[in-house]
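Below is one structure; the comments refer to it alone.
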Amino acid sequence: MQELSQRARDLIAAEERFGAHNYHPLDLVVERALGVWLWDVDGNRYLDCISAYSAVNQGHCHPRIAAALMEQAQKVTLTSRAMRNARMPGFLEKLTRLCGYDMALPMNTGVEAVETAFKLARRWGYAIKGIPAGQAEIIVFSDNFHGRTLSAISASTTPEYRKDFGPFVPGFVHVPYGDAEALERAIAPNTCAILIEPIQGEGGVNVPPDGYLKRAWALCREHQALFIADEIQTGFGRTGDLFACDYDGIKADVLVVGKALAGGFYPVSAALANEPLMKLFRPGDHGSTFGGNPLGCAVADAALDVIVDEKLASRARYAGAKIMQGLRALGSPLIEEVRGRGLLIGIQMSVPARRLSDALLERGVAAKDTRENVLRIAPPLVIDDEAIDFLLAAFRDAIGTLR
Ligand SMILES: *Cc1c(COP(=O)(O)O)cnc(C)c1O
């Protein structure tokens with residue numbers, strides 16, 4: 001990256017002056033994007049290895065999704081659920097068939113779909129499992145990330161997400177991620193559900209031990225608790241399967257999806273479950289003004305087609321293996337571990353990962369640290385061999401400057 005231009009500096013200054021400082025972004029001011037590439041306000045090109053935290057698995061500004069958005073925007077965009085709209089049924093059918101569930105409840109942001117799952121699990125706990133009123137517990141895991149609402153941060157174990165935001169929503173029980181014995185000890189008669197990421201994205205790209213998810217799933221069966229999978233980041237091809245749970249051959253009772261569901265054009269999320277469970281929601285129990293709106297449904301419908309038609313899961317598997325192999329082959333003493341699955345890759349460093357992300361940015365690669373010493377590499381799933389070579393060459397260079 002060259003010195004920031006006056007225009008870039010002015011934009012950054014205005015953002016800092018008028019916007020809340022709740023993020024610490026790279027000083028990369030993006031003006032446009034296509035596929036895996038970003039261009040800043042000065043026309044410099046960068047390979048996007050963040051993908052809006054996996055919301056743009058389909059690649060930036062995918063023409064097919066853009067066309068669906070434009071077309072629907074000229075017909076009707078929002079009706080609210082006070083009436084029905086002509087786009088929602090087709091989208092719901094496509095989503096539920098693809099994911100393998102009877103029904104879906106559409107929301108907008110990921111955390112709203114998580115909230116939906118919390119409510120559904122608690123209701124099931126009282127109505128079906130017979131937990132005494134007000135006593136339902138949901139088991140969550142160390143270093144999880146489920147979003148930023150009060151209930152999601154009540155489920156969190158990360159101090160910076162929680163500091164000064166209490167009092168917290170009660171009813172969450174924390175256990176270490178990846179430890180099946182600890183989970184077994186924590187499951188109690190009042191447990192209505194466990195909520196788990198099959199691979200923790202924000203937590204540092206933590207891949208659980210082989211067999212752990214299957215064991216957790218079996219424990220839920222044994223103790224009559226729901227297994228809720230948060231696949232907001234891991235879903236829709238990111239890890240080389242349609243869902244990360246597929247790798248372990250398990251099917252969650254409640255599947256929570258978002259991000260790539262709408263290819264980065266629009267916030268669309270959903271909680272999916274089979275009919276006996278989802279029917280516990282009755283009219284008036286839960287809702288959202290924008291959830292299931294025709295514009296979002298049209299966009300998500302096209303975004304799902306792209307995932308399937310362009311075989312994004314198998315492309316992620318191929319590209320991810322190639323990138324991980326290339327990173328390991330660098331043999332850098334600063335890299336302690338390269339882990340992940342598909343195109344959700346974490347590089348465990350012996351130095352702060354921010355140093356590497358800065359060096360990469362200077363070489364045209366936008367990537368960010370997730371935990372202090374972990375750099376996450378998660379490009380759009382449409383990345384081709386040429387871009388992979390570009391990435392690995394930039395890495396070789398950038399790592400060299402850190403030595
Ligand atoms: C991003 C994310 C969320 C929250 O999604 P938002 O759209 O930011 O509300 C929840 N869970 C996981 C695993 C995520 O990666």
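The values are calculated or read from the model by the stated rules, or taken from the named source; none is laboratory data. Source: prediction; values computed, not measured. Cβ sites come from the backbone with ideal geometry, for glycine too, and all protein chains shown count toward neighbours. The protein model used for the area step is the full one, side chains on, heavy atoms only, and it has no ligands, DNA or RNA in it. Shrake-Rupley method; radii C 1.70, N 1.55, O 1.52, S 1.80 Å.
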Inset, instruction - Can you send over the solvent-accessible area of residue 11, 1.4 Å probe, protein chains only, in Å² to the nearest 10? - result: 70 Å²
Inset, instruction - Could you size up the charge dipole of the chain around its Cα centre, putting +1 on the beta carbon of Lys and Arg and -1 on that of Asp and Glu, and report it in debye to the nearest 20? - result: 720 debye
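Students often get this wrong, so check it: of 163/214; 163/251; 94/322; 251/279; 129/259, which have C-alpha atoms separated by over 24 Å? Working shown, then result.
Values: 163/214 34 Å; 163/251 35 Å; 94/322 31 Å; 251/279 19 Å; 129/259 32 Å.
Flagged as over cut-off: 163/214; 163/251; 94/322; 129/259.
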Legend entry - Spatial separation of Cα centroids for segment 198-246 and segment 1-75, in angstrom: 30 Å
Inset, instruction - Note down the nm distance, to one decimal, between modelled labels 7 Å out along Cα→Cβ at residue 27 and at residue 337. - result: 3.4 nm
Legend entry - Estimated distance in nm for a label pair at residue 86 and residue 285, the labels positioned 7 Å out from Cα along Cα-to-Cβ: 3.2 nm
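Counting DSSP beta bridges in the chain, what percent are antiparallel, to the nearest 5?
65 percent
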Legend entry - Of 83, 153, 127, farthest towards positive along the dipole that unit charges on Lys, Arg, Asp, Glu beta carbons give segment 60-177: 83
Legend entry - C-alpha long axis of helix 63-73 to longest principal axis of the chain, angle in °: 60 degrees
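At 0.36 nm per residue, and after removing the present C-alpha to C-alpha distance, how many nm does the segment from residue 41 to residue 16 gain when stretched out fully? Please list the in-between numbers first.
On the way: separation 25, 0.36 × 25 = 9.00 nm, distance 1.72 nm.
Result: 7.3 nm gained on full extension.
With a 1.4 Å probe and every protein chain left in place, work out the accessible area per residue of the chain in Å², rounded to a whole number. Working shown, then result.
Working: 17620 Å² over 403 residues.
That works out to 44 Å² per residue.
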Legend entry - GNM result for the chain, Cα springs below 10 Å: residue of 108, 57, 22 fluctuating most strongly: 22
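Under the 0.36 nm per residue contour assumption, what length would be gained going from the current alpha-carbon distance of residue 402 and residue 355 to full extension? Before the final figure, lay out the partial values.
Values: separation 47, 0.36 × 47 = 16.92 nm, distance 0.77 nm.
Stretched fully, the residue 402-residue 355 segment lengthens by 16.2 nm.
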Legend entry - Relative contact order of segment 63-309, defined on C-alpha pairs under 8 angstrom at six or more residues apart (%): 31 percent
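Using a Förster distance of 35 angstrom, determine the FRET efficiency expected from the C-beta separation of residue 275 and residue 148, and round it to 0.05.
Values: r = 31 Å, r/R0 = 0.89.
Taking R0 as 35 Å, the efficiency between residue 275 and residue 148 is 0.65.
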Legend entry - Using alpha-carbon coordinates, inclination of helix 212-222 to the longest axis of the chain, degrees: 10 degrees
Inset, instruction - Using only Cα atoms, find the angle between the long axis of helix 110-124 and the longest principal axis of the chain, and express it within 0 to 90 degrees, rounded to the nearest 10. - result: 20 degrees
Inset, instruction - Would you kindly calculate the translational diffusion coefficient of the chain, applying Stokes-Einstein with the Kirkwood radius from alpha carbon pairs, for 10 °C and a viscosity of 1.306 mPa s, and quote it in µm² s⁻¹ without decimals? - result: 72 µm²/s
Legend entry - Approximate spin-label separation residue 251-residue 386, in nm, with each point projected 7 Å along Cα-to-Cβ: 4.2 nm
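Over segment 63-309, with every protein chain in place, what whole percent of the accessible area is carbon and sulfur at 1.4 Å, could you tell me?
Details: 5570 of 10180 Å².
Accessible surface attributable to carbon and sulfur in segment 63-309 totals 55 percent.
Pick out, in residue order, every one of the trypsin sites (Lys or Arg not before Pro) in segment 97-168 that is DSSP loop and has at most 15 other C-beta atoms within 10 Å; say none if there are none.
Working: sites: 97, 119, 122, 123, 129, 148, 162, 163; in loops: 148, 163.
Taking segment 97-168 and a limit of 15 other Cβ atoms within 10 Å, the loop trypsin sites (Lys or Arg not before Pro) found are 148, 163.
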Legend entry - Residue-wise HN-Hα coupling along segment 240-254, computed from phi with Karplus coefficients 6.51, -1.76, 1.60 (Hz; x: Gly, Pro): x, 10, 4, 10, 5, 5, 4, 4, 8, x, 10, 10, 5, 6, 10
Legend entry - Note, ³J(HN,Hα) from phi for segment 165-171, Karplus 6.51, -1.76, 1.60, rounded to Hz, x at Gly and Pro: 9, x, x, 9, 5, x, x
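Calculate the dipole size of segment 40-188 relative to its Cα centre from +1 charges on Lys and Arg beta carbons and -1 charges on Asp and Glu beta carbons; express the result in debye to the nearest 20. Before the final figure, lay out the partial values.
Details: 16 positive and 15 negative charges, 157 e Å.
I would put it at about 760 debye.
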Legend entry - Heavy atoms of residue 356: accessible area, 1.4 Å probe, square angstrom to 10: 0 Å²
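Return a whole-number percent for the relative contact order of segment 221-360, with Cα pairs under 8 Å and 6 or more residues apart as the contact set. Kindly include the intermediate steps, with their values, before the conclusion.
Working: 182 pairs, mean separation 33.6, N = 140.
RCO, segment 221-360: 24 percent.
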